[in-house]
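Only one structure is covered here, and it is reproduced in the block below.
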Amino acid sequence: LAARWAGIETVAFCEIDPFCRQVLRKHWPDVLKYMDIRHVTNPDHVDIMTAGFPCQPFSIAGSKKGKDDDRYLWPEVIRLIRKSKPNWFIGENVPGIIPMLDPIIKDLEDEGYQWQAFLIPASAIGAPHKRERLWIVANRDRKRCHNGIDNRQERPFHIDWQRHIET
């Protein structure tokens, strides 16, 4: 919806939940809809790829199984990023993912992306509750070295995450 408001054309959605798929069909009847990210094989190049990959593996309301949760879909997201090579990637998740961000950030940097992360609470836009979300905004800088390794700083991200995330 925000993309539409900004004049950005949405070319595809991927949503496994049946009710959410109905909502997408109603509001975007002519936009391609994939059901399961694991079955998307040949994505087109896009300027912006967004992903709100499932938060249950990291949420304090969930079992916090992380990578061991079958809903951990970051490997599928980065697979599509590698194939589609979007100019921009915007990812959204719960703050509980912060201790597991190192491999996600490494994957993005290995693909040549520069990134910035933000914690934005729902209260920032007038909601009566805090409900923070972590946003990762990454841009593919084609001037970097091919594999990104030479420009990546070594760090255990989860230890010093406050330095890398703006609230």
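The values are calculated or read from the model by the stated rules, or taken from the named source; none is laboratory data. Computed from a predicted structure; not experimentally measured. As a convention, Cβ positions derive from the backbone with ideal geometry for all residues, glycine included, and neighbour counts pool all protein chains shown. In case anyone asks, the SASA skips ligands and DNA or RNA and just uses the protein heavy atoms, side chains included. Shrake-Rupley method; radii C 1.70, N 1.55, O 1.52, S 1.80 Å.
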Give segment 103-125 a look and list any residue that's assigned to a helix (DSSP H, G or I) and of a type in the set (Val, Ile, Thr), or say none.
Ile104, Ile105, Ile125
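Here is a yes/no grid of residues against (1) in a strand (DSSP E or B); (2) under 19 Å from Ile136 (Cα atoms):
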{"site": "Arg25", "(1), (2)": "no, no"}
{"site": "Met49", "(1), (2)": "yes, yes"}
{"site": "Gln56", "(1), (2)": "no, yes"}
{"site": "Glu76", "(1), (2)": "no, yes"}
{"site": "Ile97", "(1), (2)": "no, yes"}
{"site": "Leu101", "(1), (2)": "no, yes"}
Of the conditions (1) open to solvent by 70 Å² or more (accessible area, probe 1.4 Å); (2) in a strand (DSSP E or B), His45 satisfies every one except a single condition; which number is it?
(2)
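Can you tell me which of Arg142, Arg131, Arg82, Arg163 is at pLDDT 95 or above and surrounded by fewer than 16 Cβ atoms within 10 Å (Cβ to Cβ)?
On the way: Arg142 fails: at pLDDT 95 or above; Arg131 fails: at pLDDT 95 or above; Arg163 fails: at pLDDT 95 or above.
Of the residues listed, the single one that is at pLDDT 95 or above and surrounded by fewer than 16 Cβ atoms within 10 Å (Cβ to Cβ) is Arg82.
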So which of Ala3, Ala61 ends up being in a loop (DSSP other than H, G, I, E, B) and at negative phi?
Ala61
Could you say which residue among Gly52, Gly91 is exposed (fewer than 15 other Cβ atoms within 10 Å of the Cβ) and under 12 Å from the mean Cα position of the chain (by Cα)?
Gly52
Could you please find all residues in segment 10-23 being open to solvent by 80 Å² or more (accessible area, probe 1.4 Å) and in a helix (DSSP H, G or I)?
Pro18, Phe19, Gln22
The one condition Pro54 fails out of (1) within 22 Å of Arg133 (Cβ to Cβ); (2) at pLDDT 90 or above is (2)
Hey, does segment 43-57 have a residue that's within 25 Å of Asn87 (Cβ to Cβ) and without any contact (Cβ under 8 Å) to a residue 12 or more places away in the chain?
no
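Being within 24 Å of Leu134 (Cβ to Cβ), β-branched (Val, Ile, Thr) and touching a Cys at 6+ places or on another chain (Cβ under 9 Å) is the requirement here; does Val77 meet it? It would help to see each step written out before you state the result.
Details: within 24 Å of Leu134 (Cβ to Cβ): yes; β-branched (Val, Ile, Thr): yes; touching a Cys at 6+ places or on another chain (Cβ under 9 Å): no.
Criteria not met by Val77.
Whether any residue in segment 2-9 is under 16 Å from the mean Cα position of the chain (by Cα) and surrounded by 10 or more Cβ atoms within 10 Å (Cβ to Cβ) is what I want to check. Before you say what the answer is, go through the steps one by one.
First pass over segment 2-9, keeping only residues under 16 Å from the mean Cα position of the chain (by Cα): 2-3.
Of the ones still in play, those that are also surrounded by 10 or more Cβ atoms within 10 Å (Cβ to Cβ) are 3.
For segment 2-9, residues under 16 Å from the mean Cα position of the chain (by Cα) and surrounded by 10 or more Cβ atoms within 10 Å (Cβ to Cβ): present.
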